[in-house]
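The values are calculated or read from the model by the stated rules, or taken from the named source; none is laboratory data. Owing to the predicted nature of the structure, the values given are computational and were not obtained by experimental measurement. Note that we place each Cβ from the backbone using ideal geometry, even for glycine, and neighbour counts take in every protein chain shown.
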Amino acid sequence: MTSFSRGGTAALAAVLLAAPVTGAQIVAARDTPRFYGTWRLVSETQTGMMIYDSLGNMAAQVMPNRLRRKYAAAEPTPEEAKAAITGYLAYFGTYTVDEQAHIITHHRKGNINPGQVGDDVVRAYVFESNDRLVLTPAGSTNKIVWERAR
């Protein structure tokens, strides 16, 4: 039978207690919950807001930073309506996240542009921090930067 000294017993206990830690894997935080909340577009030429909820719903609105005149009457003229909508992006729907590929897909259910209802918008994503999100449209090098609204 093997006998241990007091120091040997303490050393063995330390090794046995540390063993599960050295074999443990660090699990990265899931990305999907990091999207939840309200995001503000970071841009010199546009202003915008995007919202994701925990139920898989989302909405986005972006408009140019330019003077937009009020309508002269209750109903806009065709020219006033065109000027108001030019450069404006607005849609809502659901979203899915592929955490392995770092892809988020917006599934448009409604859109200011009727020709894009039902379309999917695919973007690569990178969280630069918990409060800064960079989206890159599929097939593009354009980076769209969003900061968490506070």
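Structure notes:
- The residues of the stretch 53-98 that are loosely packed, with under 15 Cβ neighbours inside 10 Å and aromatic (Phe, Trp, Tyr) amount to a single one, TYR71.
- When we screen THR94, THR105 for residues that are of a type in the set (S, T, N, Q) and within 15 Å of ILE51 (Cβ to Cβ), the only hit is THR94.
- Within the stretch 52-79, the residues that satisfy the criterion of being modelled with pLDDT of 95 or more and hydrophobic (A, V, I, L, M, F, W, C) are LEU55, MET58, ALA59, ALA60, VAL62, MET63.
- Count - residues of the stretch 116-139 that are farther than 19 Å from VAL97 by Cα and at pLDDT below 95: 0
- Boolean, ALA101 is loosely packed, with under 13 Cβ neighbours inside 10 Å, modelled with pLDDT of 95 or more and either of a type outside the set (D, E, K, R) or touching a Pro at 6+ places or on another chain (Cβ under 9 Å) (or both): yes
- Test for PRO64: is it in contact with a Gly (Cβ under 7 Å, 6 or more places away or on another chain), free of Cβ contacts under 8 Å to residues at least 60 places away in the same chain and farther than 30 Å from ARG30 by Cα: yes
- Filter pass, GLY110 being exposed (fewer than 11 other Cβ atoms within 10 Å of the Cβ) and either in contact with a strand residue (DSSP E or B) (Cβ under 6 Å, 6 or more places away or on another chain) or under 19 Å from TYR88 (Cα atoms) (or both): no
- Members of the stretch 90-138 found to be touching a residue at least 60 places away in the same chain (Cβ under 8 Å), under 11 Å from the mean Cα position of the chain (by Cα) and outside any strand (DSSP E or B), listed by number: HIS102, ASN130
- Of the listed requirements (1) surrounded by fewer than 15 Cβ atoms within 10 Å (Cβ to Cβ); (2) in contact with a Pro (Cβ under 8 Å, 6 or more places away or on another chain); (3) of a type in the set (A, V, I, L, M, F, W, C), ALA149 misses just one: (2).
- The residue of the stretch 15-51 that is modelled with the highest pLDDT, among those that are surrounded by fewer than 12 Cβ atoms within 10 Å (Cβ to Cβ) and among the charged types (D, E, K, R), is GLU44.
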